[in-house]
Each structure stands twice: as structure tokens, then as C-alpha cells.
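**Student:** Got a structure for you, written out below as C-alpha cells; questions coming shortly.
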Amino acid sequence: ECKSPHWRLQKIMRKVFFIFILALASPIFAANVVEEIVARVGNEIITKTDLEHEQKRLYDELSRRYQGSELDEQYGQQKKALLEFIINQKLLEQRAAELHLNVDDDVSAAIKRLREESNIPNDQALQEALKQEGSTITELREDFRRRIIQQRILWNYVQGKVNITEDEIKNYYEQHKSEFMTEPKTKIRRYTIMDEATPKEELKTEADNILAELRAGKEISADAFPHFKIDDPVEYTKEDIDPKIASVLDSTKVSEYSDPVEINTGYLILKVEERKEPELIAMEEARGKIYNQLLQSRAEKYQKSFMEDLRKQNYVVINQSPS
């Protein structure tokens, strides 16, 4: 009924892997990988093996979104900036160590949110889903750790540089009201007729009989049929629902019942109890989102400046290929 964990995980993972805030930072030095040690960042090194590992991860991730010449073009463009990206990560990690910044709890919370949003019950199931994506929990935790460190350090720096006034927040709200609408919601009651051991034909007959009684206005208890269950009403947005179910709901009026919908273990009847149209969110509720959007829009130049300062404060050398 709702979208599968694997489908939702793919969508979420695309937001997690690789293209973080540091994509805003432009390269400062040209980088050509020809030696075993390709760069030194403070007291740390980046080896050719490190770089090749990240290149493979980048290619694998891009290959899930692109194919053929488009894949080659995207990989070629992003590969050029990859060493700079890794150097910037090293600089930020060194700064995090200087600040004794511990983000373990944040990483665990991020993993938990990912599981909940993907409808994945536990870490073992997450590991299996990640395996299908060509990744592991260890790599996922490291990606989150790097991302959170980047956000924490850079965001704090930017916040100290940017002043956003109350008038700016009000003006943005007035000019972008369409961005602050609630999602349309549908309140649904589900009637399920399910049993893995019962032939589908028998379940279909039972579903048809139940639907006839529901449409006749009869009250039906959960024990009136052998495979029948009535769920409490739940509100959904379209994003929460499988496209097949969303299509059924679109053609079902309020207070009406859908025809039986076949699912893996039986049939599903849906009653649309209420529809809520989009509503404008009050400015006080939208204030935090507006502030973050204005802050983000001004962040790029400060992030570049911050990374340039970090480079000046640390010993960064990129090995050049012989001419």
C-alpha cells in the first residue's frame, strides 16, 4: 500500500551520498593523480588508493541515476573536483578534532530517522537494503558523520557572519506564499481481507461481499468475515502512498468506498473519510524555514571564504604530475 522500503530508501539515499555543502567550494589548485601520495593535508596524507576508492563510490552512485554518455559526462565533471572535495573534508575533520566535536549521537539519530522514513524496522533490514544499493552501514555512518561535521562547522561560521532582519523575513513570506502551503491530505479507513494460506479467489469473493454490505450502509464488525480487518483512519499525503493506491483514491469520492484493490496477501478496500486542501502556513510557523532559506542563499561566499582561511592555516600540498 505505502511505497516499499527499497523504493523510499533509494529516494532518500540520493540526498545523502556525496554531493554535500562542499560542492559549493570551487577548486583552488589543479590536481593530477600520478603518485602513491596524491596530497598532504596538515599531518595527514591522501593516497592514490584513497582517491580511487572514492572515485569508485562516486561512479557507482552516479550509475544509479545516469547511463551511457550522460553517465560518462557526469562522472568526468565530478571526478575533476573529487580530490578538492576530499581535501576539504580532511580540513574540516581536523578542525572538528581541534574543537573536540563529537557527532556520534547525531549520526545515530540520522540513521534512526532514515530507517523510520524508509519504513525499515531494524539495522539488519537496513543493512540488506543498503546492500542492494551497493553500500554498507559502516559507509553510511561515515557519510553521515562527514556531512554533519561539515554542516555543524560551516553553519556556525556562516550564522556568525549573516544578519537577517525581521523585515526581510516578512518580505520573503509575502513574496513566496506558495512555498508555505500545507500538503493536501486524505483521511482513509482501510478494510483488509488478507491471508497467505487462503486462495486469492476465495479472498476476492469475501472482499466483494464485504464491499456490497459497506455500500449498502450496513455496519460490519471485524469478526463478521474470517479474513476481515478494519483499521483506524489515518491521514496520508500523496508522497506517503504508492502511486497505484493514490490513483484509486483520486477516483474515490469522500464517504465512498473503492473497489477491492489486489495486494500481495489479499485485497484492500479504501474509504475516503475526508480530504484536506492545502492551507497557508502562518508566518510564525514558517519563520524558521524562511530564516534557513535566506541564510542558505547567502552562505556560498562565506563557505568559500572559510575554506580558503582553513587552507592558509594548514599545510596543504597537492602533488603535480611531471610535465
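**Student:** Under a plain spin-label model, where a point goes 7 Å from the Cα along Cα-to-Cβ, how far apart in nm are L101 and I263?
**Tutor:** 4.4 nm
**Student:** Which whole-Hz couplings ³J(HN,Hα) result when phi for each residue of the stretch 116-132 is put into the Karplus expression 6.51 cos²θ - 1.76 cosθ + 1.60, θ = phi - 60°, listed in order with x for Gly and Pro?
**Tutor:** 5, 5, 8, 6, 10, x, 7, 5, 5, 5, 5, 4, 5, 5, 5, 4, 5
**Student:** Let a ≥ b ≥ c be the square roots of the eigenvalues of the Cα gyration tensor of the stretch 109-190; is it rounded (a/c under 1.5), or, if not, prolate (a/b larger than b/c) or oblate?
**Tutor:** Because a/c hits 1.5 or more and a/b fails to exceed b/c, the stretch 109-190 counts as oblate.
**Student:** Jot down the radius of gyration and Dmax of the stretch 131-179, Cα atoms only, both in angstrom.
**Tutor:** 18.1, 49
**Student:** Could you please state, rounded to a whole Å, how far the C-alpha centre of the stretch 38-52 is from the C-alpha centre of the stretch 245-318?
**Tutor:** First find each Cα centre; the distance between them is then 37 Å.
**Student:** Can you give me the convex hull volume of the Cα atoms of the stretch 66-141, divided per residue and expressed in Å³?
**Tutor:** Residue-normalised Cα hull volume stands at 115 Å³.
**Student:** Still on this structure, I have one more. For every other residue with a beta carbon closer than 10 angstrom to the beta carbon of L92, add +1 if it is Lys or Arg and -1 if Asp or Glu, then tell me the sum.
**Tutor:** +3
**Student:** Can you give me the long-range amide H partners of A39? Hydrogens built in the peptide plane at 1.01 Å from N, cutoff under 5 Å, separation of 5 or more residues or another chain.
**Tutor:** Those qualifying (amide H under 5 Å, at least 5 residues apart or on another chain) are I46, N319.
**Student:** Mind listing the long-range amide H neighbours of D242? Cut-off is under 5 Å, sequence gap 5 or more, other chains count too, H placed in the peptide plane at 1.01 Å from N.
**Tutor:** Those lying under 5 Å, H to H, from D242 are C2, K3.
**Student:** Among rounded, prolate and oblate, which fits the stretch 283-323 when a ≥ b ≥ c are the square roots of the eigenvalues of its C-alpha gyration tensor, a/c under 1.5 means rounded, and a/b larger than b/c means prolate?
**Tutor:** Taking the square roots of the gyration eigenvalues as a ≥ b ≥ c, the stretch 283-323 is prolate.
**Student:** Under a point spin-label approximation (7 Å from Cα along Cα-to-Cβ), what is the A109-E256 distance to one decimal in nm?
**Tutor:** Between A109 and E256, the label points sit 4.6 nm apart.
**Student:** Moving on. When the accessible area of the chain is computed with all protein chains present and a 1.4 Å probe, what percentage of it is carbon and sulfur?
**Tutor:** In the chain, the share of accessible area belonging to carbon and sulfur is 46 percent.
**Student:** At most 15 other C-beta atoms within 10 Å and a DSSP loop state: those are the exposed trypsin sites (Lys or Arg not before Pro) I care about. Give me the longest piece of the chain that has none.
**Tutor:** 66-217
**Student:** From the phi angles alone, apply the Karplus equation (6.51, -1.76, 1.60; θ = phi - 60°) to the stretch 231-240 and give each ³J(HN,Hα) in whole Hz, x where the residue is Gly or Pro.
**Tutor:** Karplus-based 3J(HN,Hα) across the stretch 231-240 equals 8, 5, x, 9, 8, 10, 9, 4, 5, 7 Hz.
**Student:** May I pose another question? Rg and Dmax of the chain, Cα atoms, in Å?
**Tutor:** In order Rg, Dmax, the Cα atoms of the chain give 26.2, 86 Å.
**Student:** Also, I was wondering about something else. Between the stretch 56-121 and the stretch 124-157, how far is it from one alpha carbon centroid to the other, in angstrom?
**Tutor:** Each part's Cα centre sits 7 Å from the other's.
**Student:** Please compute the contact order of the chain in relative form: average sequence separation of alpha-carbon pairs under 8 Å and at least six residues apart, divided by the residue count, as a percent.
**Tutor:** Relative contact order here is 28 percent.
**Student:** Using helices alone, I'd like the mean residue ellipticity at 222 nm for the chain: each DSSP H run of four-plus residues gives -39500 (n - 2.57), total over residue count, nearest 500.
**Tutor:** -17000 deg cm²/dmol
**Student:** With the cut-off at 1.5 for a/c, could you classify the stretch 179-310 from its C-alpha gyration tensor as rounded, prolate or oblate?
**Tutor:** prolate
**Student:** Over the chain, with the other protein chains present, what is the accessible area per residue in square angstrom, probe 1.4 angstrom?
**Tutor:** 58 Å²
**Student:** Something else about it: Within the set K56/K238; K90/K312; K90/K289; K48/K304; K161/K289, which residue pairs have Cα atoms separated by over 24 Å?
**Tutor:** Checking Cα-Cα distances, K56/K238; K90/K289; K48/K304 exceed 24 Å.
**Student:** Evaluate the distance, in nm, between pseudo-label points positioned 7 Å from the Cα of E142 and of R65 along their respective Cα→Cβ axes.
**Tutor:** 2.1 nm
**Student:** Still on this structure, I have one more. Determine ³J(HN,Hα), in whole Hz, for all residues of the stretch 254-269 in sequence, where each value follows from phi through the Karplus function 6.51 cos²θ - 1.76 cosθ + 1.60 and θ = phi - 60°; x replaces Gly and Pro.
**Tutor:** 4, 6, 9, 10, 7, 5, x, 9, 6, 10, 4, 10, x, 9, 9, 10
The values are calculated or read from the model by the stated rules, or taken from the named source; none is laboratory data. Computed from a predicted model, the values in this text were never measured in an experiment. Cβ: placed from backbone, ideal geometry, glycine included. Neighbour counts: every protein chain shown. Accessible surface is based on the protein model in full, side chains and every heavy atom, while ligands, DNA and RNA are left aside. Shrake-Rupley method; radii C 1.70, N 1.55, O 1.52, S 1.80 Å.
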